[in-house]
Amino acid sequence: ELLLDIKDLHASIDGKEILKGINLQVHPGEVHAIMGPNGSGKSTLSMVLAGAPGYEVTGGSVDFHGKQLLDLSAEDRSHEGLFLSFQYPVEIPGVTMVNFMRAAVNEKRKYFNEPALSASDFLKLMRQKRAIVELDNKLASRSVNEGFSGGEKKRNEIFQMAMLEPRLAILDETDSGLDIDALRIVAGGVNTLKTDRNATIVITHYQRLLDYIKPDFVHVLYKGRIIRTGGPELALELEERGYDWLKEEVDAQ
Ligand code: ADP
Ligand code: MG
Ligand code: MG
């Protein structure tokens, strides 16, 4: 069965059409990579899926395991199992990671009419998930992201993902240069948390990340459309040849 089914999705920012008919199908257990030149609409796609304000959907549909995703609030999308790497505030002074995650986990449980976790069960869960991402206990008791290094923020993000156990994680690895350490953390988290029930979409400008996360499918987004889909070999071809040959095919039309 399909986990995510995006059909002819159109979206605008300030009346300007950015997504011009996206079609994408994701099954449980799959890893998809979305690549493409800067300004193609990769981040816009993730923002639209997240339900971020300021993005107007002008056409199409998104089915998420049987629910119409676009009809849900941003919060309910998250409760339904959609995780976006940038969804959580960058820094929250005065709120420790522990308390932040406790609230997030218990809100989700409430959505499904489950009782809040006891303090000891929550700590047990934290310990278990922390081990997966090798997150230091000290980091967990500090304010969310405050003074975290780039690598610590990444680790924290993957930790949040591990805690929330999403059905679909969308990791928008923006063009801010990820160092090798951060790449390793992201990839290690994705690979460890992979099951045959969940799926991941990795958005990246660079082929490099795909040395660590092996995608089942690679899509190229350009001018608001997916212009090419292939296997992992497509990413290698793009690394070698760049995007110009694909752009030319599209621009000539
Ligand atoms: P990518 O992630 O592929 O680099 P984006 O989704 O960030 O691309 O941007 C796609 C297009 O939308 C670009 O032309 C960009 O200038 C425009 N855009 C993105 N965000 C905004 C915004 N907040 N306001 C106006 N235009 C935007
Ligand atoms: Mg960009
Ligand atoms: Mg982007």
For region 139-174 the number of residues that are among the charged types (D, E, K, R) and assigned to a strand (DSSP E or B) is 2
Residue set ILE213, ILE201, ILE226; condition touching a residue at least 40 places away in the same chain (Cβ under 8 Å) and more than 16 Å from ligand 3 (Cβ to nearest atom); output residue ILE213
In the set GLU56, GLU30, GLU80, GLU1, the lone residue that is under 30 Å from GLU233 (Cβ atoms), more than 16 Å from ligand 2 (Cβ to nearest atom), acidic (Asp, Glu) and at pLDDT 95 or above is GLU30
Residues of region 43-65 being out of contact with any Lys or Arg (no Cβ under 8 Å at 6 or more places or on another chain), surrounded by fewer than 15 Cβ atoms within 10 Å (Cβ to Cβ) and among the small types (Gly, Ala, Ser), in sequence order, are GLY54, GLY59
Item checked: Test result for ALA252, buried (at least 17 other Cβ atoms within 10 Å of the Cβ), over 23 Å from VAL48 (Cβ atoms) and modelled with pLDDT under 95 -> no
Per the list (1) crowded, with 23+ Cβ neighbours inside 10 Å; (2) within 30 Å of ALA103 (Cα to Cα); (3) in contact (Cβ under 8 Å) with a residue 60 or more places away in the chain, residue check on ILE185 breaks on (3)
Conditions (1) out of contact with any strand residue (DSSP E or B) (no Cβ under 6 Å at 6 or more places or on another chain); (2) closer than 16 Å to GLY36 by Cβ -> GLY189 fails only (2)
The correct count of residues that are touching a Gly at 6+ places or on another chain (Cβ under 6 Å), of a type in the set (A, V, I, L, M, F, W, C) and closer than 12 Å to PRO37 by Cβ in region 208-253 is 2
Checked region 178-228 for anything hydroxyl-bearing (Ser, Thr, Tyr) and farther than 20 Å from ILE18 by Cβ; matches are THR192, THR195, THR200, TYR206, TYR212
Among strands (runs of 3 or more DSSP E) completely within region 188-240, the ones holding 1 or more residues that are among the hydrophobic types (A, V, I, L, M, F, W, C) and more than 16 Å from ligand 1 (Cβ to nearest atom) are 199-204, 217-222
Residues of region 15-27 being within 13 Å of ligand 3 (Cβ to nearest atom) and within 17 Å of the chain's Cα centre (by Cα), in sequence order, are none
Note to self: Any residue at all in region 171-180 that's within 16 Å of HIS27 (Cβ to Cβ) and touching a residue at least 60 places away in the same chain (Cβ under 8 Å)?
What the structure shows: no
Practice task
Might you let me know whether region 28-42 holds any residue that is surrounded by fewer than 14 Cβ atoms within 10 Å (Cβ to Cβ), in contact (Cβ under 8 Å) with a residue 60 or more places away in the chain, within 18 Å of the chain's Cα centre (by Cα) and within 16 Å of ligand 1 (Cβ to nearest atom)?
Solution key: yes
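The values are calculated or read from the model by the stated rules, or taken from the named source; none is laboratory data. These numbers were taken from a predicted model, which means no experiment stands behind them. For neighbour counting, all protein chains shown are included, and Cβ atoms are generated from backbone atoms with ideal geometry for every residue, glycine included.
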